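Novice: Got a structure here, written out as structure tokens. Questions coming.
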Amino acid sequence: MSTEVRVRIAPSPTGDPHVGTAYIALFNYVFAKKQGGKFILRIEDTDRARSTLESEEAILRALKWVGLGWDEGPDIGGAYGPYRQSERSAIYQEHAQLLVESGAAYPCFCAEARLEALRAAQRAEKKPPGYDGLCRRLDRGEARSKVAAKEKHVLRLAMPKEGETKVQDGLRGELVFQNATIDDQVLLKSDGFPTYHLANVVDDHLMKISHVVRAEEWISSTPKHVQLYQAFGWQAPEFFHMPLLRNADKSKISKRKNPVSLDYYQDSGFLPEALVNFLGLMGFSFGGDREKFTLAEMIETFDWQKVSLGGPVFDLEKLSWLNGLYLRELSTAQVIERLRNWRLSDEMLARMVPLVHERMRRLDEFIPQVDFFLRGDLAYGSALTDAIPKERDAAATAKVLVDLADELDNVRSWNPQTLEPVVRAFSEKIGWKTKELFMPVRIAITGVSASPPLFDTMNVIGKELVRRRLRQSAQLLR
RNA sequence: GGCCCCAUAGUCUAGCGGUUAGGACGUCGGCCUCUCACGCCGAAAUCCCGGGUUCAAGUCCCGGUGGGGUCACCA
């Protein structure tokens, strides 16, 4: 068996490129490079309702932006493709079939409603929720004929009900789980697509992944994965569960409490090398008192022993400081280059100029009018409180802004035409006249009461910055 | 609630049986300076609690407590 180190980052393309993805990608990448191994990108798009190609593209773009390139992936191929799970359905079906034949998995015909009722009952009795094994007890012949009759079903893992499952974690040692406490996980959904559990095990094995470096939130499902490896007769990879990035209140980092999209960091003018350095500071210590180090230097000194397990709070303030260190190190020419690649590109100018063109009398009025396009966070002074509609109060306005931020999060394709109906529908939903709603929103997003049309403005500023400003404004109003 | 993980200042961390518990962000004060920023100097602030083990415990063990994760036909 080959001893080559092969690791992967396996994002699910269901939203914006997440800072946590970059964080985990970083540790995979660094470990692979340190070992002279391969770093693989695999797209886990088995949730066909939520996965989009647009999101996949954004994730690839963002990972490239932070400088974590892959050796094999959906865009460049490789010896173990395809690297998009939606293109591997047949592989999962075959493997699932193997499990059914060996008795390690069984078809389950229970309807959603029954499962919900079951869970509700378990909750009421304060028992741990989980499948009750009804279909597991079905006669195998009967089950087979139901399947043959095309009855709608899923495939479940026939989890052993006795004994224990041991997980070897490279960071935490041996983790022991009582099998009786582990649920009969669904492996194959009724739409024929695999769940994460099946797909991830099958792919990791087929793609010869040697080390699984992933977030701590996966620990509790790892025994299921270990059971699957055993059922297939495969050797499990080594697991390394990294701590979770946290909000200031220590909960798992989330977009409600933190800018979480890599797009936000790019749009706000963070340098990718600073962001990567900062992510490296989360849970990893370089050695000595060094805090500033390059990716290459991190690779050189990387060692799992230097990884700590407490969940690190993601502190934008410290990231900004680090970013300043990098920024000041650049030459003037380099800064100009960075600015051009940021918001002073011809492309950005081409988007901004039409919006302020007719509002300008002289060229010198350009800069003040595009001010909010070029900023990260805004300074509002009293503008926000002044924008509270008559008949409404600060608290209500704050809530509206936050709710709108959430609403906008669901907007997939961000442009003036898609934004307008969303915001208008929102206005109706909350029972505010558009007249009442638009001014506080305008102020929150631009900081001023006179600006180009709202939706065009939002379009250029970008989703993440818009959402961030709405949230920040709400914060200030409270 | 069950299961699991974690625990050094507000935050990120060093420490791997004997240290005045080190560094960084942030905060406060000062210096530099036309202002600001940068830079420099300084200050306040930490070993969650209780038992063990040991001559000696932030460090090892156990138990609490606290925080977190997870309990989906989402990953």
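Novice: Given (1) of a type outside the set (Lys, Arg); (2) under 18 Å from the mean Cα position of the chain (by Cα); (3) under 30 Å from A:ARG136 (Cβ atoms), where does A:PHE109 come up short, assuming only one miss?
Specialist: So A:PHE109 meets the others, but not (2).
Novice: Among the residues that make up the stretch A:225-238, is at least one of them surrounded by 17 or more Cβ atoms within 10 Å (Cβ to Cβ), within 9 Å of RNA strand B (Cβ to nearest atom) and assigned by TED's automatic domain parsing to the domain that holds A:PRO128?
Specialist: No, the stretch A:225-238 contains no residue that is surrounded by 17 or more Cβ atoms within 10 Å (Cβ to Cβ), within 9 Å of RNA strand B (Cβ to nearest atom) and assigned by TED's automatic domain parsing to the domain that holds A:PRO128.
Novice: Please work out if A:PRO389 is touching a residue at least 60 places away in the same chain (Cβ under 8 Å), in a loop (DSSP other than H, G, I, E, B) and of a type outside the set (Val, Ile, Thr).
Specialist: Details: touching a residue at least 60 places away in the same chain (Cβ under 8 Å): no; in a loop (DSSP other than H, G, I, E, B): yes; of a type outside the set (Val, Ile, Thr): yes.
Criteria not met by A:PRO389.
Novice: Then there's this: Within the stretch A:295-311, how many residues turn out to be away from RNA strand B (no atom under 13 Å from the Cβ) and exposed (fewer than 14 other Cβ atoms within 10 Å of the Cβ)?
Specialist: Of the residues in the stretch A:295-311, 2 are away from RNA strand B (no atom under 13 Å from the Cβ) and exposed (fewer than 14 other Cβ atoms within 10 Å of the Cβ).
Novice: Can you tell me how many residues in the stretch A:10-41 are more than 19 Å from A:LEU281 (Cβ to Cβ) and within 14 Å of the chain's Cα centre (by Cα)?
Specialist: Summing the residues that are more than 19 Å from A:LEU281 (Cβ to Cβ) and within 14 Å of the chain's Cα centre (by Cα) in the stretch A:10-41 gives 8.
Let's see how each residue does on (1) closer than 29 Å to A:PHE302 by Cβ; (2) polar (S, T, N, Q); (3) out of contact with any helix residue (DSSP H, G or I) (no Cβ under 6 Å at 6 or more places or on another chain); (4) within 16 Å of RNA strand B (Cβ to nearest atom):
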| site | (1), (2), (3), (4) |
| --- | --- |
| A:TYR29 | yes, no, yes, no |
| A:PHE39 | yes, no, no, no |
| A:ASP47 | no, no, yes, yes |
| A:GLU57 | no, no, yes, no |
| A:ALA79 | yes, no, yes, no |
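Novice: Could you list, in sequence order, the residues of the stretch A:242-272 that are under 26 Å from A:ARG6 (Cβ atoms) and either more than 9 Å from RNA strand B (Cβ to nearest atom) or crowded, with 22+ Cβ neighbours inside 10 Å (or both)? Break it down into steps so the answer makes sense when it comes.
Specialist: If we filter the stretch A:242-272 for residues that are under 26 Å from A:ARG6 (Cβ atoms), which is where we start, we get A:242-245, A:262, A:272.
A:MET242, A:LEU245, A:LEU262, A:PRO272, listed by residue number.
Novice: Does A:VAL411 satisfy being within 21 Å of A:VAL423 (Cβ to Cβ), outside any helix (DSSP H, G or I) and in contact with a helix residue (DSSP H, G or I) (Cβ under 9 Å, 6 or more places away or on another chain)? So that I can check it myself, show each step before the final result.
Specialist: Numbers: within 21 Å of A:VAL423 (Cβ to Cβ): yes; outside any helix (DSSP H, G or I): yes; in contact with a helix residue (DSSP H, G or I) (Cβ under 9 Å, 6 or more places away or on another chain): yes.
So A:VAL411 passes the test.
Novice: Now, a different point. Only one of these is among the small types (Gly, Ala, Ser) and crowded, with 16+ Cβ neighbours inside 10 Å: A:SER86, A:SER102. Name it.
Specialist: The match here is A:SER86.
Novice: Then there is this: Only one residue in A:LEU60, A:LEU41, A:LEU68 is outside the structural domain of A:HIS211 (by TED's automatic domain parsing), without any contact (Cβ under 8 Å) to a residue 24 or more places away in the chain and buried (at least 17 other Cβ atoms within 10 Å of the Cβ). Which one? Don't jump to the end; show me each part of the working.
Specialist: Details: A:LEU41 fails: without any contact (Cβ under 8 Å) to a residue 24 or more places away in the chain; A:LEU68 fails: without any contact (Cβ under 8 Å) to a residue 24 or more places away in the chain.
Being outside the structural domain of A:HIS211 (by TED's automatic domain parsing), without any contact (Cβ under 8 Å) to a residue 24 or more places away in the chain and buried (at least 17 other Cβ atoms within 10 Å of the Cβ) holds for just one of A:LEU60, A:LEU41, A:LEU68, which is A:LEU60.
Novice: Name the pairs: first residue in the stretch A:83-105 and on the phi > 0 side of the Ramachandran plot, second residue more than 13 Å from RNA strand B (Cβ to nearest atom) and part of a loop (DSSP other than H, G, I, E, B), Cβ to Cβ under 7 Å, at least 6 apart or on different chains?
Specialist: Matching pairs, first to second residue: A:GLY103/A:ALA158.
Novice: Considering every residue within the stretch A:300-323, establish whether at least one is in contact (Cβ under 8 Å) with a residue 40 or more places away in the chain, assigned to a helix (DSSP H, G or I) and among the β-branched types (Val, Ile, Thr).
Specialist: no
Novice: Here's something else I'd like to know. Could you please find all residues in the stretch A:338-368 being loosely packed, with under 13 Cβ neighbours inside 10 Å and touching a residue at least 60 places away in the same chain (Cβ under 8 Å)?
Specialist: A:ARG359
Novice: Pull up the stretch A:100-134, narrow it to residues that are part of a loop (DSSP other than H, G, I, E, B) and more than 9 Å from RNA strand B (Cβ to nearest atom), then point me to the one that is farthest from A:ASP184 (Cα to Cα). Working first, answer last.
Specialist: Taking the stretch A:100-134 first, the residues part of a loop (DSSP other than H, G, I, E, B) are A:103-104, A:109-111, A:125-134.
Narrowing the set further to residues that are more than 9 Å from RNA strand B (Cβ to nearest atom) leaves A:103-104, A:125, A:132-134.
Numbers: A:GLY103: 13, A:ALA104: 10, A:GLU125: 20, A:ASP132: 9, A:GLY133: 8, A:LEU134: 11 Å.
This residue is A:GLU125.
Novice: Among the residues of the stretch A:282-298, write down those that are in contact (Cβ under 8 Å) with a residue 40 or more places away in the chain and on the phi < 0 side of the Ramachandran plot. Spell out the reasoning first.
Specialist: Narrowing the stretch A:282-298 to residues in contact (Cβ under 8 Å) with a residue 40 or more places away in the chain: A:282-284, A:295, A:298.
Answer for the stretch A:282-298, where residues must be in contact (Cβ under 8 Å) with a residue 40 or more places away in the chain and on the phi < 0 side of the Ramachandran plot: A:MET282, A:PHE284, A:LEU295, A:MET298.
Novice: So A:GLU317 passes all but one of these: (1) crowded, with 16+ Cβ neighbours inside 10 Å; (2) out of contact with any Leu (no Cβ under 6 Å at 6 or more places or on another chain); (3) closer than 26 Å to A:ASP406 by Cα. Which condition number does it fail?
Specialist: (1)
Novice: Also, I was wondering about something else. A:ASP183 fails exactly one of the following numbered conditions: (1) surrounded by 12 or more Cβ atoms within 10 Å (Cβ to Cβ); (2) more than 8 Å from RNA strand B (Cβ to nearest atom); (3) within 32 Å of the chain's Cα centre (by Cα); (4) closer than 25 Å to A:VAL212 by Cβ. What is the number of that condition?
Specialist: All conditions are met except number (2).
Novice: Report the residue count in the stretch A:210-258 for those that are closer than 24 Å to A:GLY37 by Cα and either among the small types (Gly, Ala, Ser) or in contact with a Leu (Cβ under 7 Å, 6 or more places away or on another chain) (or both). Working first, answer last.
Specialist: At the first step, the residues of the stretch A:210-258 found to be closer than 24 Å to A:GLY37 by Cα are A:210-216, A:218, A:222, A:225-226, A:229, A:234-243.
When the remaining residues are screened for being either among the small types (Gly, Ala, Ser) or in contact with a Leu (Cβ under 7 Å, 6 or more places away or on another chain) (or both), the result is A:210, A:215-216, A:236, A:240-241, A:243.
So the count comes out to 7.
Novice: A further question on this structure: Being closer than 20 Å to A:ASP263 by Cβ and over 26 Å from the mean Cα position of the chain (by Cα) narrows it down to one of A:LEU327, A:LEU319, A:LEU355, so name that one.
Specialist: Values: A:LEU319 fails: over 26 Å from the mean Cα position of the chain (by Cα); A:LEU355 fails: closer than 20 Å to A:ASP263 by Cβ.
Exactly one residue qualifies, and that residue is A:LEU327.
Novice: Related question: Please go through the stretch A:221-245 and give me each residue that is more than 25 Å from the chain's Cα centre (by Cα) and not in a loop (DSSP other than H, G, I, E, B), ordered by number. Can you show your working first?
Specialist: Restricting attention to the stretch A:221-245, the residues satisfying the condition of being more than 25 Å from the chain's Cα centre (by Cα) are A:227-236.
A:GLN227, A:LEU228, A:TYR229, A:GLN230, A:ALA231, A:PHE232, listed by residue number.
Novice: From the set of residues in the stretch A:190-217 that are surrounded by fewer than 16 Cβ atoms within 10 Å (Cβ to Cβ) and within 12 Å of RNA strand B (Cβ to nearest atom), which is nearest to the chain's Cα centre (by Cα)?
Specialist: In this case the residue turns out to be A:GLU217.
The values are calculated or read from the model by the stated rules, or taken from the named source; none is laboratory data. All values derive from a computational prediction rather than experimental measurement. Glycine also receives a Cβ, built like all others from the backbone with ideal geometry; neighbour counts cover every protein chain displayed.
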